[in-house]
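Since the structure comes first, as structure tokens, the remarks are kept for the end.
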Amino acid sequence: MAAAARAKGYRLASYFSGRAFIWRNVTFGEHCFVFENNVVQPFVKVGANVVLWSGNHIGHHSVIRDNCFISSHVVVSGFAEVGENCFLGVNSSVANDVKVAADCWLGPGVAVTRDTEAGKIYPAGKTEPAKVGSLRFFKVAG
């Protein structure tokens, strides 16, 4: 799709918030959007058509491949790699030196500590309520 737009004479826009901290040796492909409060550390490589929503940490020497959407407050640790066409949910994290394969979807709060398989969904764990209710726990009600 980007190639078709370029063939018609269009230039694809990118946006980098002035409130993001991006180390000067980071490289970006075309058509990237980096919103406020992102920290992108040294030697990071970001492909084309990537969105870094608000408040993420992208660790040193990491690679984010093309067509990725990194939602808010995600941590990608150092020397990590995120493959093409991935979605990383709110508060998810990728451990140091771990590869998220292409076409993966990470749910909110998911911690990836080992390399993933391509084309897989890694959902958040089901949250079960405690056996004691909040009002009883905080001694508001019997």
### Query
Taking only pairs six or more apart or across chains, which ones have beta-carbon atoms under 8 Å, a first residue in the range 21-37 that is more than 21 Å from Ala5 (Cβ to Cβ), and a second residue that is part of a loop (DSSP other than H, G, I, E, B) and open to solvent by 70 Å² or more (accessible area, probe 1.4 Å)?
Trp23/Phe43; Asn25/Phe43; Val26/Phe43; Phe35/Trp53; Glu36/Arg19; Asn37/Arg19
### Query
Can you pull out the residues in the range 1-28 that are touching a Ser or Thr at 6+ places or on another chain (Cβ under 9 Å) and either closer than 17 Å to Val63 by Cβ or assigned to a strand (DSSP E or B) (or both)?
Phe28
#### Entry: Total residues in the range 13-34, condition open to solvent by less than 50 Å² (accessible area, probe 1.4 Å) and over 20 Å from Gly78 (Cα atoms)
2
### Query
Could you count how many residues in the range 116-130 are at pLDDT 90 or above and open to solvent by 100 Å² or more (accessible area, probe 1.4 Å)?
2
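For Ala48, indicate whether it is open to solvent by 30 Å² or more (accessible area, probe 1.4 Å), among the small types (Gly, Ala, Ser) and touching a residue at least 12 places away in the same chain (Cβ under 8 Å). Step through it out loud before you land on a result.
Values: open to solvent by 30 Å² or more (accessible area, probe 1.4 Å): no; among the small types (Gly, Ala, Ser): yes; touching a residue at least 12 places away in the same chain (Cβ under 8 Å): yes.
It is false that Ala48 is open to solvent by 30 Å² or more (accessible area, probe 1.4 Å), among the small types (Gly, Ala, Ser) and touching a residue at least 12 places away in the same chain (Cβ under 8 Å).
To keep it simple, each residue is scored yes or no on (1) more than 11 Å from the chain's Cα centre (by Cα); (2) under 20 Å from Arg114 (Cα atoms); (3) not charged (D, E, K, R); (4) not in a loop (DSSP other than H, G, I, E, B).
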site	(1), (2), (3), (4)
Glu30	yes, no, no, no
Pro42	yes, no, yes, no
Gly55	no, no, yes, no
His60	yes, yes, yes, no
Asp66	yes, no, no, no
Gly78	yes, yes, yes, no
Val90	no, yes, yes, no
### Task
Could you list, in sequence order, all residues of the range 103-115 that are open to solvent by 30 Å² or more (accessible area, probe 1.4 Å) and either within 19 Å of Ser77 (Cα to Cα) or of a type in the set (Ser, Thr, Tyr) (or both)?
Trp105, Pro108, Gly109, Ala111, Thr113, Arg114, Asp115
### Message
Regarding the range 66-77, can at least one residue be identified that is over 26 Å from Leu12 (Cα atoms), among the charged types (D, E, K, R) and touching a residue at least 12 places away in the same chain (Cβ under 8 Å)?
### Response
no
### Task
Please name all residue pairs, on different chains or six or more residues apart, with Cβ atoms under 6 Å, provided the first residue is in the range 109-137 and is under 19 Å from Cys68 (Cβ atoms) and the second residue is assigned to a strand (DSSP E or B) and among the hydroxyl-bearing types (Ser, Thr, Tyr).
Val110/Tyr122; Ala111/Ser93
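Looking at the range 73-95, which of the residues that are under 16 Å from Asn56 (Cβ atoms) and of a type in the set (S, T, N, Q) is surrounded by the most Cβ atoms within 10 Å (Cβ to Cβ)? Please lay out each step first, then the result.
First, the residues of the range 73-95 that are under 16 Å from Asn56 (Cβ atoms): 73-78, 80-82, 86-95.
Checking the rest, the ones that are also of a type in the set (S, T, N, Q) come to 77, 91-93.
On the way: Ser77: 19, Asn91: 17, Ser92: 24, Ser93: 19.
Filtering the range 73-95 for residues that are under 16 Å from Asn56 (Cβ atoms) and of a type in the set (S, T, N, Q), the one surrounded by the most Cβ atoms within 10 Å (Cβ to Cβ) comes out as Ser92.
The values are calculated or read from the model by the stated rules, or taken from the named source; none is laboratory data. The model shown is predicted, which means the values in this text are computed figures rather than measured ones. Because the Cβ atoms are built from the backbone with ideal geometry, glycine has one as well, and the counts that use them run over all protein chains shown. Protein only, heavy atoms only, side chains kept; ligands, DNA and RNA dropped before computing areas. Shrake-Rupley method; radii C 1.70, N 1.55, O 1.52, S 1.80 Å.
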